[in-house]
Structure formats: C-alpha cells, structure tokens
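One structure is given below, encoded as structure tokens.
The values are calculated or read from the model by the stated rules, or taken from the named source; none is laboratory data. No experiment lies behind these values; they were computed from the predicted model shown. Don't worry about glycine lacking a Cβ; one is built from the backbone with ideal geometry, like all the others, and counts go over all protein chains shown. Accessible surface areas use protein heavy atoms only, side chains included; no ligands, DNA or RNA. Shrake-Rupley method; radii C 1.70, N 1.55, O 1.52, S 1.80 Å.
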Amino acid sequence: MDPLIKITGKDADIQLGEFVSTNFKEIKYDKNGCDVIVEPPFKPAQITVRMNDGVDLSYAEQCAKHFNNLSPETTCKLLESSWQYCLKFCDYYGEELPEIKEFNELLYYIEPFCIYIDKPKSNDTAYTVELHCDWEVEHGMSWIIRNSEILYVGVGMVHFQLNAWEDFDAYKNNEGNFVFGVPNWE
C-alpha cells in the first residue's frame with residue numbers, strides 16, 4: 001500500500017514542502033500546510049496538514065511516516081475505539097448505526113480531513129487526526145496518537161481542547177474519550 005502522506009522539502013527556507021504519492025495529488029499549499037486528495041483505504045478525501053509554529057519539516061515527515069505505518073495493533077485499537085464512539089453516539093442521539101461486520105469496514109464510514117502537528121516537546125512522535133464520520137456529520141471524530149499509543153478517540157475538533165502533548169491524565173479524564181472505555185454521557 002502506498003503511503004497516505006509523504007512530506008518532502010521543496011526549498012530550504014520556510015516552505016513546508018509538498019505531498020507526493022501515487023494516492024493523491026496536491027491541490028493547495030501555503031506556509032501553514034498543504035491540502036491533498038487522498039484515495040483508498042479511506043474514502044476519497046481532502047486532508048489538510050497544519051503545522052504550528054516551531055514544527056520543522058523533518059518532524060512533520062516523522063509524523064507523516066508514523067501515520068502511514070501504523071501497526072495493525074494500533075489500527076485495530078483506533079477502529080475499536082471509533083466503533084465504541086459510533087455505538088454510543090448513535091444510541092444517545094437515536095441515529096442509525098452503520099452496518100459493519102468487521103472493524104476494518106468502519107473505514108468506509110470515516111475519512112481523515114486534517115492532521116495537526118504541534119511543536120514537539122520530546123523525541124516522541126505525536127499528532128491529532130480530525131476525521132469526518134457518517135454518524136456525526138457536524139463535529140466528526142478525532143484521534144490523538146503519540147508513538148504507538150492511542151491517547152484519544154472521540155468527539156471531533158478536540159484540537160481546540162487537547163493537543164498531542166498533554167499529560168496522560170488529561171486524556172484519561174476527558175469525558176469524550178473512548179480509548180479508556182465508554183464514557184458516561186448524561
């Protein structure tokens with residue numbers, strides 16, 4: 001499978017690079033990131049990569065490589081937690097559940113649209129992925145990944161509340177996070 005994202009340097013100054021892959025083509029590129037078209041395994045989607053101040057291309061490349069090469073165990077945990085979020089959301093709001101038989105079929109109902117890369121605080125690889133999902137069209141879903149650890153799966157647009165460098169308790173105590181079990185929504 002071709003990488004989902006690949007960032008390569010274009011020039012040596014502040015340009016952030018371009019995305020190169022047979023799976024997608026560049027459509028817009030500025031000092032804050034790039035928008036690209038992504039093909040399967042996700043639904044065709046446009047992904048924006050946003051790099052905050054202090055993020056250099058080598059770190060962005062590290063994050064992109066990491067996301068492109070998630071282990072089967074990490075991917076499974078993402079999909080399991082995403083499914084728990086889907087079940088809870090649909091039950092709570094009376095929405096119809098997607099018909100899936102295996103977790104990987106959930107990929108037909110989600111599409112990443114943005115990856116946020118914050119300035120690193122260590123040698124770890126950490127980023128937030130925002131996704132559209134068929135069951136929650138208004139806010140979508142978010143994933144926060146640090147190294148091979150899934151820290152957050154749940155309510156979308158989480159980057160306004162949490163980033164990939166929070167203390168562990170911030171994720172564990174977040175009421176919208178499905179990584180540590182199913183939250184109790186009242």
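A few points about this structure:
- Taking each of Lys65/Lys172; Lys88/Lys172; Lys65/Lys121; Lys88/Lys119; Lys65/Lys119; Lys77/Lys172 in turn, the alpha-carbon distance tops 24 angstrom for Lys65/Lys172; Lys88/Lys119.
- Share of carbon and sulfur in the accessible area of region 65-140 stands at 47%, probe radius 1.4 Å.
- Spin-label model distance (nm) - Glu175 vs Thr48, 7 Å beyond Cα toward Cβ: 2.8
- Under 5 Å, built H, 5+ apart or other chain: amide partners of Tyr152: Ile144
- Protection-proxy order for peptides 151-157, 64-70, each taking the mean of Cβ atoms within 10 Å per residue, highest first: 151-157, 64-70
- Tail fraction, Cα-Cα pairs, region 130-186, threshold 16 Å, whole percent: 39
- Highest average packing first - 177-183, 113-119, Cβ atoms within 10 Å: 113-119, 177-183
- Inter-label distance for Glu138 and Lys65, nm, one decimal - labels placed 7 Å from Cα along Cα-to-Cβ: 4.2
- Largest-first principal axis extents, alpha carbons of region 68-137, Å: 42, 23, 17
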